[in-house]
Amino acid sequence: ANVVLEGRDLSELPWMELHAGGPILALITPKAMEEIDAKKRDGRLGKHARAFNRLIASSISSGAPVVLREAAPRVELCLAVCDRIPWGDYDELDPDDGDARIVAETLHARGVPHAEKRLVSHDIKPIAFAAGRGLMTHHISDDWLRPPEPGPADKEIQRLKQQVRELRSAEPEISIEIEIDSERPVCLHRLE
């Protein structure tokens with residue numbers, strides 16, 4: 001989910017880090033898909049979540065993978081189909097923890113031999129869980145990620161700063177001069 005939501009365009013990722021020759025079949029586990037779906041209305045990540053849903057929609061309806069990249073390595077994407085998870089076999093994995101669920105779903109993804117599965121993440125926790133269960137892992141570098149985007153609050157702050165700059169540039173300069181034409185002393189009264 002973090003690769004989809006925070007990463008660069010999927011076709012532009014450095015897939016050769018995973019397998020230079022390819023082909024690569026990238027599986028999105030059901031829990032990762034759930035996490036992506038949960039961000040569809042998010043002010044910062046919503047457009048990426050909705051774009052991913054449009055991308056994977058044909059794969060979900062047809063069952064055939066979507067080609068992300070033709071050039072070597074060829075990369076295809078589809079939703080993982082997982083067997084029922086025997087949670088009693090995994091003392092360290094909590095079914096209510098998203099990262100643990102993604103690891104368990106990866107372990108039980110159908111159609112891919114265990115020796116060829118690799119969990120890819122920018123987060124350390126799922127990588128640690130996966131490594132503890134004998135899965136190959138790949139901790140992605142920041143090169144996989146888009147530059148940080150400002151959140152809604154940051155955008156509002158920038159808008160207000162720009163508005164203040166515009167108001168300051170248009171405000172008049174005021175100077176005050178006082179001339180007294182009388183020779184009488186000025187009498188100052190202070191009222192509290």
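Details
- Partners of K39 within straight-line reach, counting aspartates and glutamates whose Cα lies under 16 Å from its Cα and excluding those fewer than 8 residues away in the same chain: E6, E149.
- Once backbone amide H atoms are built at 1.01 Å from N, C82 has R110 as its partners under 5 Å, excluding neighbours fewer than 5 places away on the same chain.
- Amide H contacts under 5 Å for A26, placed H, 5+ residues apart: E76, L77, C78
- For the stretch 1-113: span of alpha carbons on each principal axis (Å, largest first): 42, 37, 28
- The stretch 85-164 pair-distance distribution - Cα-Cα, 10 Å bins, rounded %: 16, 35, 20, 15, 10, 4, 0
- With the whole protein complex present, D9 retains an accessible surface near 90 Å², based on a 1.4 Å probe.
- Kirkwood hydrodynamic radius (C-alpha pairs) into Stokes-Einstein, the stretch 42-192, 10 °C and 1.306 mPa s, D in µm²/s: 73 µm²/s
- Distance in nm between pseudo-label sites at A128 and Q163 (7 Å out along the Cβ direction from Cα): 4.4 nm
- Normalising by residue count, the stretch 15-77 has a Cα convex hull of 94 Å³ per residue.
- Scaled radius of gyration (Cα, divided by 2.2 N^0.38 Å) that the stretch 141-180 gives: 2.31
- For the pair E171 and A115, label points projected 7 Å from Cα toward Cβ lie 7.3 nm apart.
- Percent carbon-and-sulfur accessible area, the chain, ignoring ligands, DNA and RNA, probe 1.4 Å: 52 percent
- Shown for the chain are the DSSP H helices of 15 Å or more along their axis, judged by Cα atoms, with a mean Kyte-Doolittle hydropathy of at least -0.5: 46-62.
- By a 1.4 Å probe calculation restricted to protein chains, E149 has an accessible surface near 50 Å², given to the nearest 10.
- Rg then Dmax, both in Å and based on the Cα atoms of the stretch 121-192: 32.0, 98.
- The packing ranking, built from the mean of other Cβ atoms within 10 Å per residue, places the peptides 61-73, 100-112 in the order 100-112, 61-73, highest first.
- Whole-angstrom gap from the stretch 141-168 to the stretch 1-44, using each part's C-alpha centre: 25 Å
The values are calculated or read from the model by the stated rules, or taken from the named source; none is laboratory data. The model shown is predicted, which means the values in this text are computed figures rather than measured ones. FYI the Cβ positions are ideal-geometry reconstructions off the backbone, even for glycines, and counts take in every protein chain you see. Just the protein is used for accessible areas: all its heavy atoms, side chains included, with ligands, DNA and RNA removed. Shrake-Rupley method; radii C 1.70, N 1.55, O 1.52, S 1.80 Å.
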